[in-house]
Amino acid sequence: MVDSFLKLADNNDGDTPLRGSPAAQRTVAILDFFADHPRESFTLTEVARALRISTATCLNFLSTLVSANYLSRDSSKRYALGPALGRLADAAAQRGGPLQLAKSVMRELADRYDVICSAIFPEAGEAVVRERASSLSHLGWAAQLGKRFPLSPPFGTVFFAWNTPREIERWLASTADRREAIDPERIHASLAFARKVGFATGLRTERLKDQAHAQSLTYRADKTDYLVTELDEAKTYDLAFASAPIFDETGQVAFALAVMGFTKRLTGAQILEIGDQLRRACDQVTKASGGQPVTP
C-alpha cells in the first residue's frame with residue numbers, strides 16, 4: 001500500500017515540486033528518513049539518492065540540521081540522528097498512547113520481513129498514515145506521513161471486519177454512487193475471512209518482476225485484489241499487504257498496522273504465518289494499552 005516516498009527533487013532536477021513550502025517538505029522528508037533508520041548513518045550521497053534531491057540542495061539542509069543538533073556528522077562525514085531530536089521524542093512520548101507502544105513492534109516487523117510497516121488510522125471516512133518503520137532495503141520507499149486514502153469498499157477491510165452489521169452496511173452504502181460494481185457477497189466473504197485469520201490482506205493481480213516493478217505497483221488499486229476470501233497454503237501469491245487491527249478500550253479499531261513492500265512471491269502458508277505474527281504483535285499493543293479485542 002505505498003507510493004514512492006516524496007517527490008523532493010530540486011526544481012533544477014526536473015521533478016515536480018510538492019505543494020506548500022518545498023523547504024519545509026524537504027526538511028520533514030530528511031528527518032523522516034533518519035527516523036526510519038535510527039541506528040544507521042549515511043553519507044551525503046546516500047541521503048540525496050534516497051530522497052531524490054541534488055547533492056548541493058541536500059548538503060544545505062543537512063548542514064542546517066547539524067548546526068541545530070537535529071542531526072550529527074562524524075569525522076567520516078556520515079550523518080545520523082542528533083541529540084536535539086531526543087528532547088522532541090521525550091516530549092512526544094509523554095503523551096503515551098497505543099501508537100507509542102506500537103513503534104518498537106513496527107520496527108521489529110519491518111526488519112524481520114524486510115518490508116515497510118505503517119500505522120494507519122481511520123479518520124472522517126479516510127485512512128491516514130500516521131507512523132511507519134522501513135527496512136534498510138526500502139530506503140526511499142515509504143509513504144509520506146499524513147497520506148490519506150478514502151475508506152470506501154473494497155479498501156478498508158481491516159477497519160470494518162470487526163464492526164457491527166449496521167456499521168458494515170453503512171460502509172457498503174458508500175459505494176452506491178460509484179460506477180464499478182462491487183459484489184456485496186464477496187465483500188462479506190472477505191470480511192469473514194479477515195475475522196477468521198485475524199488480519200486482512202491484499203494480493204497483486206499482476207505478477208511481480210523485480211523490486212522496481214513491485215515499487216511501481218505500490219498503492220495501485222487497479223492492480224490489487226483487496227477482497228481476499230481464501231489462501232491456499234500450497235499456492236504462491238504476490239502479496240501487496242497484510243494488516244491487523246489494534247483495538248481501543250471500547251472494542252473499536254483504533255488503528256491498524258500494515259506490512260507492505262514485499263518483492264518476492266510467497267506461499268499461502270507463508271502469508272498466513274506473516275499475518276499471524278502481525279496479529280500477535282497487534283494483540284500485544286492492544287493489551288498493553290488497555291484495549292479490548294473483539295472476539296469474532
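The values are calculated or read from the model by the stated rules, or taken from the named source; none is laboratory data. All of these numbers come straight from a predicted model, not from anything done at the bench. Every residue, glycine among them, receives a Cβ derived from its backbone with ideal geometry; neighbour counts consider all protein chains shown.
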Of the residues Leu44, Leu62, Leu6, which single one is surrounded by 15 or more Cβ atoms within 10 Å (Cβ to Cβ), touching a helix residue (DSSP H, G or I) at 6+ places or on another chain (Cβ under 7 Å) and modelled with pLDDT under 90? Leu6
Taking only region 31-60 into account, find how many residues are within 21 Å of the chain's Cα centre (by Cα) and closer than 17 Å to Asp74 by Cβ. 6
Quick check, is Leu272 over 16 Å from the mean Cα position of the chain (by Cα), part of a helix (DSSP H, G or I) and modelled with pLDDT of 90 or more? yes
Considering every residue within region 239-249, establish whether at least one is at pLDDT below 95, of a type in the set (Gly, Ala, Ser) and touching a helix residue (DSSP H, G or I) at 6+ places or on another chain (Cβ under 9 Å). yes
Please state which one of Arg279, Arg265 is basic (Lys, Arg), buried (at least 16 other Cβ atoms within 10 Å of the Cβ) and at pLDDT 90 or above. Arg279
